[in-house]
Every structure is written in C-alpha cells, then in structure tokens.
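The structure under discussion appears below in the form of structure tokens.
The values are calculated or read from the model by the stated rules, or taken from the named source; none is laboratory data. Since we're looking at a predicted model, the values are computed, not measured. We place every Cβ from the backbone using ideal geometry, glycine too, and count neighbours over all the protein chains shown.
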Amino acid sequence: MRAWQADGLPTAKRRHAILLATRAHDDGWVEEDRLPIVDPASGRLLDFINAPARVRQRVWPCSVTRLSETPYAAALVAQHAMSVYRSNRPNPEWARFFRKLEELRDSMLDSCESLVLEDLTRDYFFVRVGDLMSLIFCNGWTKPEQLDRYELRVNGCRLHVTPDPFGGHEIEFAIEARQIPNDRFDSKTAAEAFRSAPVQTLAGVASGP
C-alpha cells in the first residue's frame with residue numbers, strides 16, 4: 001500500500017495512520033497464531049475464517065487497543081472488524097461484539113480533532129483493499145474480487161489490480177509461512193506439527209493488468 005499511487009493516498013494528511021492500520025490490523029491474532037486451533041470433532045486445523053466465534057470476537061478489541069496511541073489508526077481497525085463480520089449483525093451472539101467495536105471506534109475517533117465518521121469511512125477503503133490483496137494472494141483465490149472500481153485477481157505469483165494504482169511499477173513482496181500437512185490432529189500433535197513445520201517464503205509481484 002505504500003506504493004499505491006491512486007485515490008489521493010500519496011498526499012493524504014492521514015496517510016501514516018492509514019498505512020499503520022493496514023499493516024497492523026491483524027495484530028490481535030498474534031497470540032492466537034502461536035499454536036494452531038484444532039476442531040475437536042474432526043481433528044482438522046481451523047483457520048482465521050473457521051475459528052470459533054469466541055476467538056474471532058476477542059481478537060479485534062485487542063487489535064484496536066494496541067493502536068490506541070494512534071487513535072485514527074485504531075478507529076480504522078475497529079471499522080474493519082465491523083465490516084468483515086457484518087453478515088453476523090443479525091446474530092444475537094455477535095451483538096456484544098458490535099456494541100464493543102462501535103464504542104471503541106467512536107471513542108478513538110472522538111479523540112481525533114475535527115475528524116468524523118465520513119472521513120473514516122472514506123479512508124477505510126485503503127485498509128480494506130490492502131487486506132483484500134493479501135487475502136487473495138495468500139489463499140490463492142482464483143476468482144477475481146471487485147472492490148469499488150478495482151478488480152483484483154491472482155495469476156500464479158502475480159497479483160493484478162485493474163485499473164493500475166501503482167503508476168506502472170511492479171511491486172515485489174514476500175510472505176513467510178509454515179507448511180503443515182492437511183491431516184487430523186489433537187492439540188498436542190498439532191503443536192508439534194506447527195513447531196516442526198518448515199518455514200517457506202511466498203514471493204509475489206503486484207502490478208496493474
């Protein structure tokens with residue numbers, strides 16, 4: 001996202017906070033990711049999408065409060081949490097989560113002089129598109145994703161964004177990951193598999209069409 005040249009981001013007054021929120025929005029997962037989560041019924045490992053609701057719900061207040069020294073970034077992360085889980089709003093089990101995140105967002109935003117929810121909603125686009133680019137690359141989603149006027153798609157190790165927001169440049173990036181067998185585990189064997197799993201580097205290039 002530091003290389004994103006479109007939509008006014010290079011000269012945005014709140015660029016630092018936007019990029020901080022984009023980079024750190026998942027930091028609440030740090031403790032959860034120290035060991036794999038095992039589904040006790042199937043023995044399969046659960047990713048961030050399928051982790052129990054209690055896990056997903058406790059992660060995001062942590063992500064927000066860790067950024068409290070930069071309240072606008074924290075408010076953006078709270079907005080992100082409410083956005084990605086918006087389909088759960090009708091579920092009574094998620095009511096407390098949304099109340100908590102709204103309170104955190106509004107409290108953080110109130111401490112930002114002269115900024116309102118409209119500013120936050122507009123700037124949140126950058127956090128969302130940064131997150132979406134990461135998701136489709138790391139998960140190998142082959143179906144194109146649409147966000148506002150942009151189409152995002154992966155072809156091998158190349159992430160294409162149309163129209164080009166990078167000013168004709170190719171942006172190299174790399175992500176470290178562990179490869180764990182798609183097997184059945186209990187908590188002990190899952191921990192052992194995680195610790196012994198080889199660390200691999202996933203290298204890619206982001207560019208226009």
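Tabulated values for the structure
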| read-out | value |
| --- | --- |
| Residues located in the range 5-15, provided they are part of a helix (DSSP H, G or I) and in contact (Cβ under 8 Å) with a residue 24 or more places away in the chain | LEU9 |
| Only listed residue being more than 24 Å from ILE171 (Cα to Cα), aromatic (Phe, Trp, Tyr) and in a loop (DSSP other than H, G, I, E, B), chosen from PHE48, PHE97 | PHE48 |
| Residue, nearest to PHE126 (Cα to Cα), within the range 161-170, restricted to residues that are more than 19 Å from the chain's Cα centre (by Cα) and surrounded by 10 or more Cβ atoms within 10 Å (Cβ to Cβ) | PRO165 |
| Members of the range 156-209 found to be in contact (Cβ under 8 Å) with a residue 24 or more places away in the chain and β-branched (Val, Ile, Thr), listed by number | VAL161, THR162, ILE171, ILE175, ILE180, THR201, VAL205 |
| Check on ALA203, over 25 Å from SER83 (Cα atoms), hydrophobic (A, V, I, L, M, F, W, C), at pLDDT below 95 and touching a strand residue (DSSP E or B) at 6+ places or on another chain (Cβ under 6 Å) | no |
| Of all residues making up the range 109-125, the number that are outside any helix (DSSP H, G or I), touching a residue at least 40 places away in the same chain (Cβ under 8 Å) and either among the hydrophobic types (A, V, I, L, M, F, W, C) or over 18 Å from LEU20 (Cα atoms) (or both) | 2 |
| Members of the range 71-94 that are assigned to a helix (DSSP H, G or I), surrounded by fewer than 21 Cβ atoms within 10 Å (Cβ to Cβ) and of a type outside the set (A, V, I, L, M, F, W, C) | PRO71, SER83, ARG86, SER87, ASN88, PRO92, GLU93 |
| Residue, surrounded by the fewest Cβ atoms within 10 Å (Cβ to Cβ), within the range 49-70, restricted to residues that are among the small types (Gly, Ala, Ser) and closer than 19 Å to LEU19 by Cβ | SER68 |
| Enumeration of residues in the range 127-166 that are outside any loop (DSSP other than H, G, I, E, B), farther than 18 Å from ALA6 by Cα and hydrophobic (A, V, I, L, M, F, W, C) | LEU135, ILE136, PHE137, CYS138, VAL154 |
| Residues of the range 176-192 classified as surrounded by 11 or more Cβ atoms within 10 Å (Cβ to Cβ) and under 25 Å from the mean Cα position of the chain (by Cα), total | 5 |
